[in-house]
1. Tell me, what HN-Hα J-couplings in whole Hz come from the Karplus equation 6.51 cos²θ - 1.76 cosθ + 1.60 at θ = phi - 60° for each residue of segment 235-246, using x for Gly and Pro?
2. Could you calculate the FRET efficiency of L200 with F159 from 1/(1 + (r/R0)^6), where r is the beta carbon distance between them and R0 is 41 Å, rounded to 0.05?
3. What share of all Cα pairs of segment 135-215, in percent, falls into each consecutive 10 Å distance bin?
4. Return the carbon/sulfur percentage of the accessible area of the chain, one whole number, probe 1.4 Å, all protein chains in place.
5. Would you work out the charge dipole size for segment 8-246 about its Cα centre, treating the Cβ of every Lys and Arg as +1 and the Cβ of every Asp and Glu as -1, and quote it to the nearest 20 debye?
6. Given V76, G26, I217, which one lies farthest toward the positive end of the charge dipole of the chain, if we put +1 on the Cβ of every Lys and Arg and -1 on the Cβ of every Asp and Glu?
7. I need the calculated FRET efficiency for the pair I107 and I212, taking r as the beta carbon distance and R₀ as 22 Å, to the nearest 0.05.
8. I'd like to check one number: the per residue accessible area of the chain, probe 1.4 Å, reported in Å² as a whole number.
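The values are calculated or read from the model by the stated rules, or taken from the named source; none is laboratory data. All values derive from a computational prediction rather than experimental measurement. FYI the Cβ positions are ideal-geometry reconstructions off the backbone, even for glycines, and counts take in every protein chain you see. Ligands, DNA and RNA are excluded from the accessible area calculation, which covers all protein heavy atoms including side chains. Shrake-Rupley method; radii C 1.70, N 1.55, O 1.52, S 1.80 Å.
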Amino acid sequence: MLYNIHSPLEQFEVVSLAYTEIPYFGHVALTNLGLYTIITVFFVLAFHILGFNHKIVPSRWSLSLESSFASVHGLVKSQVGAANERFLPFVYSLFFFLLFANLNGNIPYGFTVTTSAIVSMGLSVIVFIGVTILGLSIHKVHFFSFFVPAGTPLALVPFLAPIELISYLARALSLGVRLLANMAAGHSLMKILGGFLFSLFTSSFLISILTIVPFVIFIAIIVLEFAVSFIQAYVFCILTSSYIKDAIDLH
């Protein structure tokens, strides 16, 4: 969240922070997107290293890690079913990457990785391609029966099959669009309100006193944005698990 920029959307721009020339690779640049992706991975690893407590009395980090694992495992098990152990590592890693990426964006002057279309849409397309390959590898040609609802009259198949195909292809974008839109909307709102409150606080003493009430509301919105960071990571993983279940059982 950047509070000294002119446009609410400028905080989502990917900018170069440093660059160098590497033999055989050419021009290599470090952007804010790359930096905060590295920071996100560092936080994920640090959280798990702190959580691996082998003492008799578990630490708060250990309890947090165990609770997180139980929650994600329960999510995958309820969605995928008996085959959940195969896909738990992927969904687990995806959840923590998205969670810490979202939370990093709530730090002032930070950059939210998931507000980048290349990240959100890239993850969405990767999940879509992965579940499609999974479905084809399991069901072969029978996989295409997924686009014909059970009990559909033969005369309606030419009409319903394209609709189901379009609905299925929309999955490649829906996951990423949902994540990107929710994170970008929340941060844009916080930027607009933050700039407005700053102008009120610096206008006059009386207006500054009256601005305390909307400032309390602004703090509540910040807390809500932290909650959204958890919710969006959870929703992304729920839908991913649901798509995996569809690929396995052709629901």
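1. Karplus values, whole Hz, x for Gly and Pro: 5, 4, 6, 4, 5, 4, 5, 5, 5, 5, 4, 4.
2. On the way: r = 57 Å, r/R0 = 1.39.
Calculated transfer efficiency: 0.10.
3. Calculated P(r), rounded to whole percents: 14, 22, 17, 13, 11, 12, 9, 1.
4. Values: 10920 of 14390 Å².
Percent of accessible area from carbon and sulfur atoms in the chain: 76.
5. Working: 9 positive and 8 negative charges, 96 e Å.
Around 460 debye, computed over segment 8-246.
6. My answer, from the dipole projection, is V76.
7. On the way: r = 24 Å, r/R0 = 1.09.
The computed FRET efficiency comes out at 0.35.
8. Numbers: 14390 Å² over 251 residues.
Result: 57 Å² of accessible area for each residue.
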